[in-house]
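Input: a single structure, listed below in structure tokens.
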Amino acid sequence: MSQVHKVIIIGSGPAGYTAALYTSRALLKPLLFAGYASGGQLMLTSDVENYPGYPEGIMGSEIMSDFRKQAEKFGTEIVDKNVSSVDLSSRPFKVTVEGEDFFSESIIVSTGAEARWLGAENEDQYKGRGISTCATCDGAFFKDKEVIVIGGGDSAMEEATFLTRFASKVTIIHRREGLRASQIMSLRARENPKIDWKLNTSIKSWTGADNILTGAVLTNTKDNTDSNLSFDGAFIAIGHQPITGCLENQVDVDGHGYILNKINTMTSVEGVFACGDVVDTRYRQAITAAGMGCMAALEAEKHLSHS
Ligand code: NAP
């Protein structure tokens, strides 16, 4: 068996880098697998205006680069590769990366989550050019503009209500008549005079000019007829999915695949911790993920000192 690490961290969003910062400052020499596309969901946003400490805002890629530098400064070893699988059935735990095995006394999982996309025609072309999956991140760019929100769950209601702070009009587009959202969230959206509704409607394709989104072709899901709608921005809010492929059947997850924290940040396997969006179905903010990364690091440190 090769070297046994104290801590291996899987994932490189705010949670993973914060866990790395804390475990490296605790002299645990963490090894962090950042993945090929390191930095997590903030790499997909432009300006981050709600991370405390940056009154002028900061680019998503820039703040993640700073997170990384700070973790490296204290001795985190970072490998930009994807973990293919982990084996938590025996100790030390085994982490396999491109056929190479790494061993560790503890693991911190911070693999994050990804927003689900619709997959409508031309979607790739307009991602980040009018189509977003995060109203908190991008809503402020649509001041006095008309936007649409797709989805009928709590996320869609919440995003639509939030967007009315900026947009002149928000149209919720949902594929069915009935909403999946809770009564209270639906009511709040229904009572908002800036929110308009297009039920029984789906997006067929996105339309634009000069590579900027200007509207969509909609399909009425009842009679299959198409129509055009013009708007300035679109927010897809049809749910998130946690990224847990490398951990399949290794730790307990909830009905949606999110890793369950048994106590504090510990998973169902003692010595394995999980933090950030891979466990968080509620807040999903960079600052909350970073906070959980700190918690997981402190828990891992405590666990190692007792084992
Ligand atoms: P969700 O409850 O799964 O709702 C997803 C919505 O998107 C559904 O209305 C669904 O339509 C629609 N949808 C899914 N795939 C689609 C597709 N391919 N095309 C068109 N529409 C599609 O997801 P969520 O709203 O993100 O909520 C996830 C969990 O977080 C829920 O438990 C929710 O209560 C919770 N949450 C809570 C709050 C809060 O309390 N503040 C805020 C946000 C989320 P159908 O209805 O037709 O399936």
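Which members of the range 123-141 meet the condition of being in contact with a strand residue (DSSP E or B) (Cβ under 9 Å, 6 or more places away or on another chain) and either among the polar types (S, T, N, Q) or part of a strand (DSSP E or B) (or both)?
Of the residues in the range 123-141, the ones in contact with a strand residue (DSSP E or B) (Cβ under 9 Å, 6 or more places away or on another chain) are 123, 125-126, 129-135, 137-141.
Hits for the range 123-141 are Q125, I131, S132, T133.
Given the options N261, N224, N249, N228, name the one that is away from the ligand (no atom under 16 Å from the Cβ), exposed (fewer than 13 other Cβ atoms within 10 Å of the Cβ) and in a loop (DSSP other than H, G, I, E, B). Step through it out loud before you land on a result.
Working: N261 fails: exposed (fewer than 13 other Cβ atoms within 10 Å of the Cβ); N224 fails: away from the ligand (no atom under 16 Å from the Cβ); N228 fails: in a loop (DSSP other than H, G, I, E, B).
Only one candidate passes the filter, namely N249.
If you check G130 against the conditions, is it on the phi > 0 side of the Ramachandran plot, more than 17 Å from the chain's Cα centre (by Cα) and open to solvent by less than 20 Å² (accessible area, probe 1.4 Å)? Show your work before the answer.
Values: on the phi > 0 side of the Ramachandran plot: yes; more than 17 Å from the chain's Cα centre (by Cα): yes; open to solvent by less than 20 Å² (accessible area, probe 1.4 Å): yes.
So G130 passes the test.
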Would you point out the residue of the range 142-158, among those that are touching a strand residue (DSSP E or B) at 6+ places or on another chain (Cβ under 7 Å) and in a helix (DSSP H, G or I), that is farthest from the ligand (Cβ to nearest atom)?
F142
Tell me which residues, restricted to the range 159-177, are open to solvent by 30 Å² or more (accessible area, probe 1.4 Å), touching a residue at least 24 places away in the same chain (Cβ under 8 Å) and either farther than 15 Å from C134 by Cα or more than 11 Å from the ligand (Cβ to nearest atom) (or both).
R165, F166, S168, K169, R175, R176
Among the residues of the range 181-193, what is the count of those that are surrounded by 16 or more Cβ atoms within 10 Å (Cβ to Cβ) and either in contact with an Asp or Glu (Cβ under 6 Å, 6 or more places away or on another chain) or not polar (S, T, N, Q) (or both)?
4
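The values are calculated or read from the model by the stated rules, or taken from the named source; none is laboratory data. Just so you know, these numbers come straight off a predicted model, no measurement behind them. Heads up, the Cβs are rebuilt from the backbone with ideal geometry, glycines too, and the neighbour counts pull from every protein chain shown. The accessibility values were calculated without ligands, DNA or RNA, using every heavy atom of the protein model including side chains. Shrake-Rupley method; radii C 1.70, N 1.55, O 1.52, S 1.80 Å.
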